[in-house]
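Please treat every number below as a calculation from the coordinates, not as lab data. Predicted model, so just to flag it, every value in this text is computed and none were measured. Neighbour counts run over all protein chains shown; Cβ positions are idealised from the backbone, glycine included.
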Amino acid sequence: MFEQPGYLSTRGGVTDASFEDALLGGLAPDGGLYVPSIWPMLSSEDLADLAGADYPDVCAAVVARFVGDTFSPEEIRALSAAAYSSFHHPDIAPLTDLADGLYLLELFWGPTFSFKDFALQLLGQMLDALLERRGERLTIVGATSGDTGSAAIAALANRAAVDVVILHPAGRVSEVQRRQMTTVDAPNVHNVAVEGTFDDCQDLVKAMFADEVFRSEVHLSAVNSINFGRIMAQVVYYVWAYLRLDQRPFSVAVPTGNFGNAYSAYVASAMGIPIESIIIGNNANHGVSRLISTGSLSIQEVVPTIAPAMDIAVPSNFERLLFDILGRDARLLAATMADFRARGVLNIPAPEMAGVVSLFRSAWMSDQAIEGYMGDLYGSHGIIVDPHTAIGIAAARMRSDRVNVPVVAVATAHPAKFAETVERATGCLPDVPAALAALTGLPERYVSLPADLALIEAHIRSVADVR
Ligand SMILES: *Cc1c(COP(=O)(O)O)cnc(C)c1O
């Protein structure tokens, strides 16, 4: 078959993990991130075979190159088919032509209408299959500022081998986002409205992972965006876009927060997909954009914006790209990260800026510019997009210098999830998918708790079914 990668930690503490270890572990034990030991390639014959294939088949072809012997080819096909069966569009990820060489890859037709469903639906299937095989159960705990929580709940509701506990900051997620989490009526779904901010929720989750007794007692695990399984699942839609473009070289434009989606495009390129450039778009929290254009990142306070899924100061997945930027030298990477933590400044040496980094371009926008651009897009093209997607399209326009190379901008959320901003920017309300409209009036299930570790751990002990 194919040469299969093993998994290693970017910081050098793990050198021979399996895909199963990486998927179930999430973060490597040395605090680094799992990456494959080699980039598996998609040859032109492989790609010719995939022309005309449907989304689950493209998914199965990509996944088969990453999972070693964790899943058989038959299992992979079954898991891929199941993962995308709940999407609301027959193409799963439709590619629409916006004219002038610009395309929109709509990644918002999953059960919760953000691109997070692409990774979490597949991860949910894989986790369940693995845990059943091992006869184990896990308690998955996560903090959300909006989209991740609902995507994780949709992927894990009613699965026999997991309990899922999602902490959201009370009163600080949108009404649609809250209902998407709290109206799910499944015995293994547990929502907690924390009296605090998103940062409080994240700190609580980190503290639970640091509490070894609690951690082993409830078999704690996470599905946050540092899990390599999520990256792998997101590579698929870049391969898919290439196939839909009849295998022409192209560039991508990606609205970026934790750098997972943009890094997935990089992985597609490393596997042989001819991506000319990866254009990343930031909101006012534009550390990554600065890092790519100047080689330097200093930690700054996060400011709230109208594209809240990208309100992030330190993009956790950047460490994976940095590993390649530094020539896969784990010792150098570990030293660079330690220095970054100590001094709050990250510098990419000048010679390295000419390598991997040169694949990337970047742009950023203020809230005012985002809203203005959403209005312009509606006026000029008649399309309504959410604020995150608008940043990607604008970045594509600002930074694609090759006029004859098509640019694929990824649409990361359905505009109905950000209806208020859309209405302010365009003067009209987006169409609301029936599945979202149906949430209004359903009973909500959640408990409200203060941001207190002992109280929240006690609550999780009481709801988690640990055999
Ligand atoms: C999570 C999210 C992003 C950011 O994606 P990253 O992989 O974290 O860079 C962008 N847009 C939306 C709508 C999201 O939910």
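Within the set of other residues whose C-beta is less than 11 Å from the C-beta of residue 309, count the net charge using Lys and Arg as +1 and Asp and Glu as -1. That works out to -1.
Treating only the Cβ atoms of Lys and Arg (+1) and Asp and Glu (-1) as charged, compute the dipole magnitude of the range 177-329 about its Cα centre; round to the nearest 20 debye. Working shown, then result.
Values: 10 positive and 15 negative charges, 122 e Å.
Approximately 580 debye in magnitude.
Take every Cα pair under 8 Å whose residues are at least 6 apart in sequence, average their separation, divide by the length of the chain, and the relative contact order is 18 percent.
Evaluated at q = 0.20, 0.23 Å⁻¹, a Debye calculation over the C-alpha positions of the range 1-133 (equal weights, vacuum) places log10 I(q)/I(0) at -1.27, -1.37. Scanning residues 5 or more positions from residue 163 or on other chains, those with amide H under 5 Å from its amide H are 138, 139, 140, with H placed 1.01 Å from N in the peptide plane.
Neighbouring Cβ atoms within 10 Å as the yardstick, rank 182, 440 fewest first.
Values: 182 22, 440 11.
Taking fewest neighbouring Cβ atoms as first place, the list is 440, 182.
The residues 10, 183, 294, when put in order of fewest to most other Cβ atoms within 10 Å, stand as 294, 183, 10. With a cut-off of 10 Å between beta carbons, the residues surrounding residue 41 carry a summed charge of -1, where Lys and Arg count +1 and Asp and Glu -1.
Note on the range 237-384: dipole from Cβ charges, positive end direction compared against 239, 379, 261; the farthest Cα belongs to 239. Packing-based ranking of 363-370, 350-357 yields 363-370, 350-357, ordered from highest to lowest mean Cβ neighbour count within 10 Å.
What is the fewest-to-most order of 206, 417 by other Cβ atoms lying within 10 Å of their Cβ?
Values: 206 11, 417 28.
Starting with the residue having the fewest Cβ neighbours, the order is 206, 417.
Which of rounded, prolate, oblate describes the range 253-373, given a ≥ b ≥ c as roots of the alpha-carbon gyration tensor eigenvalues and a/c under 1.5 marking rounded, otherwise prolate only if a/b is larger than b/c? Intermediate results must be reported in sequence, preceding the final value.
On the way: a/c = 2.02, a/b = 1.24, b/c = 1.63.
Since a/c reaches 1.5 but b/c is at least a/b, the shape of the range 253-373 is classed as oblate.
Estimated purely from DSSP H runs of n ≥ 4, each contributing -39500 (n - 2.57), the mean residue ellipticity at 222 nm for the chain is -13000 deg cm²/dmol once divided by its residues.
Normalised by 2.2 N^0.38 Å, where N is the number of residues, the alpha-carbon radius of gyration of the range 23-93 equals 1.30.
Is there a quick way to get the dipole size of the chain? I mean about its Cα centre, with the Cβ of Lys and Arg at +1 and of Asp and Glu at -1; what is the value in debye to the nearest 20? All intermediate terms of the calculation are to be shown ahead of the outcome.
Values: 31 positive and 53 negative charges, 103 e Å.
Its charge dipole is roughly 500 debye.
Shape class for the chain, computed from the alpha carbon gyration tensor (a ≥ b ≥ c): rounded, with a/c under 1.5. Please work out whether the range 73-152 counts as rounded, prolate or oblate from its C-alpha gyration tensor, where a ≥ b ≥ c are the square roots of the eigenvalues and a/c under 1.5 means rounded, while otherwise a/b larger than b/c means prolate and anything else oblate? It is oblate, given that a/c is not under 1.5 and a/b is not larger than b/c.
Let me check I've understood the local charge: for residue 395, count other residues with C-beta under 13 angstrom from its C-beta, Lys and Arg +1, Asp and Glu -1. What total comes out?
Numbers: positive: 361, 397, 399; negative: 401.
Computed value for this residue: +2.
Each pair of Cα atoms in the range 303-419 enters the Kirkwood radius, and Stokes-Einstein at 4 °C and 1.567 mPa s then converts it into a translational diffusion coefficient of 78 µm²/s.
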